[in-house]
Amino acid sequence: MYDHQTDFELHLFNFGKRVEYIVAAEMAGKMNANDAYKEIKGLFEDLKKFRKQEKKQEHPLDYDNIPERY
């Protein structure tokens, strides 16, 4: 899709895929809604921690210089 993705974009993509699987399992009755919520919340917390870590590194995400993709 893109020539180069940042680590955050890869983590965000992974988060989205895992949420899809959790929601599908919950809708199929294989997972309790409360358990699904807790698991998604945990994944989101991990994503937020990664984003904060990225901001602290030498090469933080540069939201002012995002290339136009459309």
So how many residues does the range 47-59 have that are basic (Lys, Arg), more than 11 Å from the chain's Cα centre (by Cα) and modelled with pLDDT of 85 or more? 1
Regarding the range 1-15, can at least one residue be identified that is over 25 Å from LYS55 (Cα atoms) and at pLDDT 95 or above? no
If you take the residues in the range 12-34 that are of a type in the set (D, E, K, R) and open to solvent by 80 Å² or more (accessible area, probe 1.4 Å), which one is nearest to the chain's Cα centre (by Cα)? ARG18
Failed criterion for PHE44 (all others in (1) aromatic (Phe, Trp, Tyr); (2) over 12 Å from the mean Cα position of the chain (by Cα); (3) at pLDDT 95 or above hold): (2)
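The values are calculated or read from the model by the stated rules, or taken from the named source; none is laboratory data. What you see is a predicted model, and the numbers here were worked out from it, not measured in a lab. Quick note on the areas: whole protein, heavy atoms, side chains included, nothing else; ligands and nucleic acids left out. Shrake-Rupley method; radii C 1.70, N 1.55, O 1.52, S 1.80 Å.
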